[in-house]
Amino acid sequence: MKLRVFGNSSDDKGTQLERLTKRLLEGLGYQQVALNVVGSGGSEVDIRAEFRAPGLDGEITLHLIGECKAYDSTVTLPDWLKFLGKLYLERLKPQNVRGIYIALSGVNGNLSGAYDDFRVHDQTVDLISGEKLAQHVVREFKLPDVSSLEKRVGRLTTDNIAQISLGYRNDRAFWIVEFVNESFAVFMGDSLSEPPSDELIQTISNQIQAAKYRDLSHEMIAQNRVILARKHVLGQLILGRSISADLEESLFPPNMTPSQSDISAAIRSLRTEGKIVTAEGVDVLPDLLSNISKRAEILREIVTGICLWRYIGNDHWDALVDEDLLQESLRIKDGLVIEQDARAKAVLLMRWSPSALMWALTPDPILCGQRGKNPQLDERMLPEHARYYLLQIVNLAAGDFRNPQLHGVLHDHYGLQEMQTTQRVVFKSRSRSEVEIELAERIGIFQAAPDIGGGLVQVWLLKDSPEPWAGIEAAEEGLSSQSSSSGASGNQQDLDVEERPA
């Protein structure tokens with residue numbers, strides 16, 4: 001890993017490295033850290049510091065002197081020997097003296113060999129460069145590691161990385177990512193999302209080969225606008241509406257409303273892919289009832305990533321998520337077979353849950369490519385694969401039920417009001433079941449009272465709370481007995497629940 005120190009000049013670069021070394025030493029517990037100290041004989045050292053350690057007979061003070069070399073090239077043997085001369089003079093004094101030598105660009109072979117020989121006889125001088133120096137910087141500034149950086153970059157762009165290096169300037173450390181297209185991005189802060197200053201960008205651009213700066217966060221927002229434009233076009237056509245209608249900002253996440261040029265680009269790309277066709281001069285969807293693979297492809301695009309909830313959970317949507325689509329899902333899962341009584345339930349869950357639908361229409365490595373090699377193993381594993389399929393759909397649907405953005409769709413269009421889950425946990429020893437616990441949880445979606453803002457809220461229901469249909473049954477009983485008051489006693493306003501915002 002390479003550390004780059006950025007300065008406005010070679011002298012400033014050296015000063016920056018000295019300040020960085022001062023901070024690293026202070027972080028390790030050194031005190032009285034001073035820069036560019038001139039001794040009585042006119043000899044100057046870049047760093048002086050003290051380290052106080054407890055001893056059996058009082059405190060022990062270790063003295064440290066150091067040199068910081070911010071050369072663009074490797075340090076050579078003469079520079080090292082000059083430093084050893086300064087160290088020798090310091091050790092003539094009655095004090096414990098250690099040395100530290102910081103070489104930003106490393107050392108050449110002669111110096112490296114000389115240092116190895118020196119360490120055999122004297123281990124009180126540290127030569128710090130390259131990977132070791134970078135590790136100290138990452139630790140001191142609490143930066144996320146390289147793997148975390150690569151994951152974040154991967155979420156923002158698919159461009160190939162040419163080089164990752166560590167940068168420092170004005171008491172700030174940061175990651176620099178250079179791409180093969182001769183551009184670079186800067187990642188700062190513990191979340192790698194803090195924007196760099198214009199001055200820092202300009203300084204970096206002047207000193208590295210990849211001179212074009214990229215703000216990947218803005219690029220991601222632009223990419224999301226294009227993605228949302230495609231979803232909007234497809235959703236409008238599913239509902240049978242014109243795709244030329246004005247865009248409503250409330251339909252999209254903040255700052256992600258597509259422009260008309262985004263919509264036009266989306267229409268062109270969808271035409272090329274065959275996801276929309278032109279009939280009598282009007283853009284429409286292809287025949288999705290007969291072309292099941294194209295239907296699966298379009299629905300998968302709509303539910304993958306950011307969802308536009310207006311286009312999910314309506315009569316048009318329900319007509320597309322049917323038994324035929326389930327069969328296409330099973331084909332995608334390598335010709336999986338599930339029991340007949342589970343098929344209708346699976347269709348309902350796929351309608352209710354965008355996450356379940358997305359997974360159902362995407363190949364899964366556990367289910368795909370595993371069958372057809374061993375008939376006996378296939379016979380044994382087929383029921384397990386069917387169970388895994390249903391388990392995934394149920395778990396994803398349960399997760400979406402807890403998603404506040406879906407409450408309106410689930411409650412208003414599908415009439416869903418409650419989800420109950422039961423968990424049975426068994427702790428086993430070698431000889432028996434030691435503890436068995438079975439617990440049920442009930443989560444409901446209800447209309448909040450006007451005095452707390454109205455709207456739909458998620459509530460955690462008590463064990464003995466009435467069933468969702470209890471109020472209806474009570475009302476029906478009241479009608480049959482011509483007692484209007486008995487029907488009102490079971491309405492949801494009387495539920496003994498603890499409300500919590502979703």
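The distance between label points at Y414 and L28 comes to 6.0 nm (points 7 Å beyond Cα on the Cα→Cβ vector). For the range 419-471, the ratio of Cα radius of gyration to the globular rule of thumb 2.2 N^0.38 Å stands at 1.75.
With only the Cα atoms considered, the range 72-143 has a convex hull volume of 107 Å³ per residue. Loop only by DSSP, 14 or fewer other Cβ within 10 Å of the Cβ. Give me the trypsin sites (Lys or Arg not before Pro) in the range 101-145 that pass, ordered by residue number. Of the trypsin sites (Lys or Arg not before Pro), the ones in loops of the range 101-145 whose Cβ has at most 14 other Cβ atoms within 10 Å are K142. In plain terms, the C-alpha convex hull of the range 359-401 casts an average shadow of 3.1 nm² when viewed from every direction.
Solvent-free Debye calculation, one equal scatterer per alpha-carbon of the range 104-144: log10 I(q)/I(0) at 0.15, 0.26 Å⁻¹ equals -0.46, -0.90. Rg/Rh for the range 267-331 (Cα atoms only, Rh after Kirkwood) is 0.97.
For the chain, with the dipole built from +1 on Lys and Arg beta-carbon atoms and -1 on Asp and Glu ones, taken about the Cα centre, which of Q405, G39, G240 lies farthest toward the positive end? Result: G39, furthest along the dipole toward the positive end.
Please identify the trypsin sites (Lys or Arg not before Pro) of the range 185-277 that satisfy two criteria: DSSP loop assignment and at most 13 other Cβ atoms within 10 Å. Which are they? Here the sparse-neighbourhood loop sites are R241. With Cα atoms as the point set, the range 334-417 shows a radius of gyration and Dmax of 14.8, 48 Å. For the chain, the alpha-carbon radius of gyration amounts to 1.44 times the rule-of-thumb value 2.2 N^0.38 Å expected for a compact globular protein. Derived value for the range 219-321: Kirkwood hydrodynamic radius 13.9 Å. Basis is the mean of 1/r over every pair of different alpha-carbon atoms.
A simple count of charges around M350, restricted to other residues whose Cβ falls under 14 Å of its Cβ and scoring Lys, Arg +1 and Asp, Glu -1, yields 0. The ratio of the alpha-carbon radius of gyration of the range 41-167 to the globular-protein estimate 2.2 N^0.38 Å is 1.36. Name the residue from G167, Y311, L330 whose Cα lies farthest towards the positive end of the charge dipole of the chain, charges +1 on Cβ of Lys and Arg and -1 on Cβ of Asp and Glu. So the residue furthest toward the plus end is G167.
Helices that extend 24 Å or more along their long axis by alpha-carbon positions and average at least -0.5 on the Kyte-Doolittle scale are, among the DSSP H runs of the chain, 216-238, 375-401.
Accessible area per residue (1.4 Å probe, heavy atoms of protein chains only) ranks R155, R4, R351 as R155, R351, R4, with the largest value leading.
Remark on Y213: its backbone amide H falls under 5 Å from those of F184, a criterion applied only to residues 5 or more positions apart or on other chains, H modelled at 1.01 Å from N.
Please go through the residue pairs K22/K212; K294/K373; K22/K82; K294/K333; K69/K212; K2/K212 and name each one whose alpha carbons sit more than 26 Å apart in this structure. Those over the limit are K22/K212; K294/K373; K69/K212.
Our helix-only sum for the chain, with -39,500 (n - 2.57) per DSSP H run of n ≥ 4 divided by its residues, gives a mean residue ellipticity at 222 nm of -13000 deg cm²/dmol.
Give the residue list of GluC sites (Glu not before Pro) in the range 210-304 that are DSSP loop and have at most 16 other beta-carbon atoms within 10 angstrom.
Here the GluC sites (Glu not before Pro) that fit, given the DSSP loop and packing criteria, are E248, E273, E280.
Short to long, the 5 Å bins of the Cα pair-distance histogram for the range 32-103 hold 3, 14, 24, 25, 15, 10, 5, 2, 1, 0 percent of all pairs. Packing-based ranking of 99-110, 172-183 yields 99-110, 172-183, ordered from highest to lowest mean Cβ neighbour count within 10 Å. The Cα atoms of the range 158-245 cover 57, 25, 19 Å along the three principal axes, with the biggest extent listed first.
The values are calculated or read from the model by the stated rules, or taken from the named source; none is laboratory data. Computed from a prediction, not measured in an experiment: that's the story for all the values here. Backbone-built Cβ (ideal geometry, glycine too); neighbour counts: all protein chains shown. The protein model used for the area step is the full one, side chains on, heavy atoms only, and it has no ligands, DNA or RNA in it. Shrake-Rupley method; radii C 1.70, N 1.55, O 1.52, S 1.80 Å.
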